[in-house]
C-alpha cells in the first residue's frame, strides 16, 4: 500500500514554500501601499464607467483625457477587441459625468456610447470590507461546529474540525498570496467577485476534506487494532480518485473559461482556478496528515521513522 501520510513533513515543507512568496508579496504591498493587494471600488468607493468606441483605442490616450480634467488617479483598461474601455475613477456626480463625456467625445468623436456606469460610496465600501471579514470568520466557525457535531462519535472530534480549518487557512493564504503577486505585477484589484471566489474555494476545500474524514470514520471500527495512520492512509487511497475526478472536472471547465471566456470574468476564474488547485492539494496532503500527526502526537512522523530504522 502506498504510504502518503508518512511523508507529511515533505507536504508541509512544500506548502510553506508555496505560501512564503505570497506572504512576502502581501507584506511588501502592505508596507508600500498600506494594503496586501489593490482594492476595487467595491471596497474603497469610486466610479466605474464602461464606454464603447467605434475603433480600437489606447488606454493611455483615454486616460490622458481624465488626467487633464483633474482625475489623476483614473485607471483605464480595454476589454475584448479594444472597442470597449473600462474607466475606474473617484466618485463623480452627474454634472462631472456630463463634463467628462464631452471631453471624451471631443477627443474620440461623437460616436462614443456609454455601456454602463456605477458608483459606490466610501461608506458602502467599508461595509463590504467588514462583511467580507465577517463572512470568512463565520464560515470558519460554522465549519468547525459542523465537523465537531458530525464526527461526535469518533474520538477527538475537535481535532477533525481544527485540521479542516488549518487546511482551509492554507487555501486562503495561497489564494490571497498569488492574488497579491498578480496585483503587484498585473495591477489586479480585489472586488466582490474576489470575495465570492474565496468563499467558493473554502467550500470546495472543506467538502473534499469531509469526504476523506468520513471514510476514516467508516474505516476506524472496521479495521480496529490497526494504527490510526494506517487507517487514515487507507481511507485516503480509497477516496483520492473521487477527489481528483471532482476537482479536475471543475478545473477543466475553468480552464476553458480562462481561454475562451470574456475579459471581465477572467480574473475571477483565475482566482477560482489556482484556489481549487490549492484546495485539492490541502485536502489530501495537509488536512489528513495534520490529523494523523495530532492523533499520533508526532506531527512530522519522526518517531516512527526512527523506530523503523532501529
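Things to note:
- Note on region 16-72: residues that are more than 15 Å from residue 107 (Cβ to Cβ), assigned to a helix (DSSP H, G or I) and either over 31 Å from the mean Cα position of the chain (by Cα) or touching a residue at least 60 places away in the same chain (Cβ under 8 Å) (or both) total 13.
- Restricted to region 18-47, and to residues there that are in contact with a helix residue (DSSP H, G or I) (Cβ under 8 Å, 6 or more places away or on another chain) and exposed (fewer than 15 other Cβ atoms within 10 Å of the Cβ), the residue that is nearest to residue 293 (Cα to Cα) is 21.
- The single condition from (1) at pLDDT 85 or above; (2) closer than 20 Å to residue 291 by Cβ; (3) touching a helix residue (DSSP H, G or I) at 6+ places or on another chain (Cβ under 8 Å) that residue 153 fails is (1).
- Screening residue 96 on (1) in the same structural domain as residue 294 (by TED's automatic domain parsing); (2) out of contact with any helix residue (DSSP H, G or I) (no Cβ under 8 Å at 6 or more places or on another chain) shows it passes everything except condition (1).
- Positions within region 252-276 being touching a residue at least 12 places away in the same chain (Cβ under 8 Å), out of contact with any helix residue (DSSP H, G or I) (no Cβ under 6 Å at 6 or more places or on another chain) and assigned to a helix (DSSP H, G or I), in sequence order: 255, 263, 264, 265, 267, 270
- Restricting attention to region 63-76 and to residues that are crowded, with 19+ Cβ neighbours inside 10 Å and in contact with a strand residue (DSSP E or B) (Cβ under 7 Å, 6 or more places away or on another chain), the residue that is farthest from residue 119 (Cα to Cα) turns out to be 63.
- If you go through region 196-239 and pick out every residue that is more than 17 Å from residue 170 (Cα to Cα) and part of a helix (DSSP H, G or I), you end up with 25.
- From the list 287, 232, the lone residue that is in contact with a helix residue (DSSP H, G or I) (Cβ under 6 Å, 6 or more places away or on another chain), buried (at least 19 other Cβ atoms within 10 Å of the Cβ) and closer than 30 Å to residue 191 by Cα is 287.
- Residue within region 201-213 that is under 30 Å from residue 75 (Cα atoms) and surrounded by 14 or more Cβ atoms within 10 Å (Cβ to Cβ) present: yes
- Scanning region 2-17 for residues that are in contact with a helix residue (DSSP H, G or I) (Cβ under 7 Å, 6 or more places away or on another chain) and surrounded by fewer than 17 Cβ atoms within 10 Å (Cβ to Cβ) gives 2, 3.
- For residue 169, the conditions (1) farther than 29 Å from residue 201 by Cβ; (2) under 26 Å from the mean Cα position of the chain (by Cα); (3) at pLDDT 85 or above are fulfilled apart from (1).
- If the condition is being crowded, with 18+ Cβ neighbours inside 10 Å and modelled with pLDDT of 90 or more, then region 48-62 contributes 49, 51, 53, 62.
- Filtered by the rule that a residue be farther than 20 Å from residue 144 by Cα and over 21 Å from the mean Cα position of the chain (by Cα), region 194-217 gives no residues.
- When region 290-301 is limited to residues that are in contact with a helix residue (DSSP H, G or I) (Cβ under 8 Å, 6 or more places away or on another chain) and more than 13 Å from residue 11 (Cα to Cα), the one that is modelled with the lowest pLDDT turns out to be 298.
The values are calculated or read from the model by the stated rules, or taken from the named source; none is laboratory data. Note that the coordinates shown come from a computational prediction; the quantities given were computed from them, not determined experimentally. Don't worry about glycine lacking a Cβ; one is built from the backbone with ideal geometry, like all the others, and counts go over all protein chains shown.
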